[in-house]
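Right, one structure below, let's go through it.
Just so you know, all these numbers are worked out from the coordinates, no wet-lab data involved. On a predicted model such as this, the values are computed, not experimentally measured, just so you know. Cβ sites come from the backbone with ideal geometry, for glycine too, and all protein chains shown count toward neighbours.
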Amino acid sequence: MTNKRLAFAVTGSLMSIFFLIIVNYLTTPGEIWFLYPAFTLLQWPISLYFFSRGRIKDYSAVTSVLFILLLIWENGMHSPEHPWFLYPAFAIIWWPILMYAGRFAGTLAMAFIGSLSIIVSYGMLNFFISPQFPWAVFPAYAVLWWPLSIYFGLRKQWYGFSVWATIMSGLFFIVTNAITTMEIWAIYPLFAIVWWPLSMYYYRVKASRV
C-alpha cells in the first residue's frame, strides 16, 4: 500500500512539474519560475518516502540540501555579485545537525557549541562579505538565548535567568544604539527590561515572608 502511494506521489509530482515547465515556457520564457512550485511538489514523494520508513533525520538532510540548492540557483540567477545564499544556508544546515544530534541536541554542551559556531560563522560573513555594517550582533544576541535558557532551565534558577538575560539584553541595546545612531535611545528599553528581575526578586522576598 505504501509503495502504491509513493508511486502515485512520484508520478503526480513529476506530471505537475512537467505541466509547470510547459506553462512557464509558453507564458514567460524569459523568467524561470517553475522551480519554486516544483520544490514544494517534490516534498510530496520525498516526505512520503522518508516518513513511511521512519527516516526523519534523512528527510531533514535531503530537504535542507534541496532548499540550499534552490537558494544557490536564485542567488546565481538574480544577484551573482553577492553570495547572499550563505546567510540562510548557515541557519538551514542546523536543522539536520540538530536532528542527527538526537538527545545531545538538548544538552548545554550542544548549546554552547552551536551558539559559538553560529556566532563565528555569521561574524565571518559579516567581516568578509558585508563589512559595511556590524549586523552580526543581531543573530549573536538571538542565538545566545539558547545556552542561557538551557543553563538556568536545567537548574531551575529563574531569578538568575532573568538577571543574566536582562544584562545580555541591556548590552545588546547599548551596542545597537552605538552602531546605529548618535542619539541615545537605549535607556528606554533598558528601563523596561530591568523590571523583569526586580519583579521576580520582590515576588520571591514577599513569598518568603508569608
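For the chain, the longest principal axis of the C-alpha atoms and the axis of helix 158-180 are separated by about 70°.
For the pair segment 147-210 and segment 33-59, the centres of their Cα atoms are 42 angstrom apart. Ratio of Rg to Rh for segment 1-54: 1.11 [Cα atoms; Kirkwood radius as inverse mean 1/r over pairs].
In degrees, nearest 10, range 0 to 90: what is the angle between the Cα axis of helix 56-78 and the longest Cα principal axis of the chain? Its long axis makes an angle of about 80 degrees. Label sites at TRP135 and ILE179, each approximated as a point 7 angstrom past Cα along Cα to Cβ, lie 1.1 nm apart. Stokes-Einstein at 4 °C, 1.567 mPa s, Kirkwood radius from Cα pairs: D for the chain in µm² s⁻¹? Answer from the Stokes-Einstein relation: 61 µm²/s. Rg ratio for segment 157-210: its Cα radius of gyration over 2.2 N^0.38 Å, N being its residue count, equals 1.39. Contact order for the chain, expressed relative to its length and based on alpha carbon pairs under 8 Å spaced 6+ residues apart, stands at 12 percent. Across segment 69-129, counting alpha-carbon atoms alone, Rg and Dmax equal 14.0, 41 Å.
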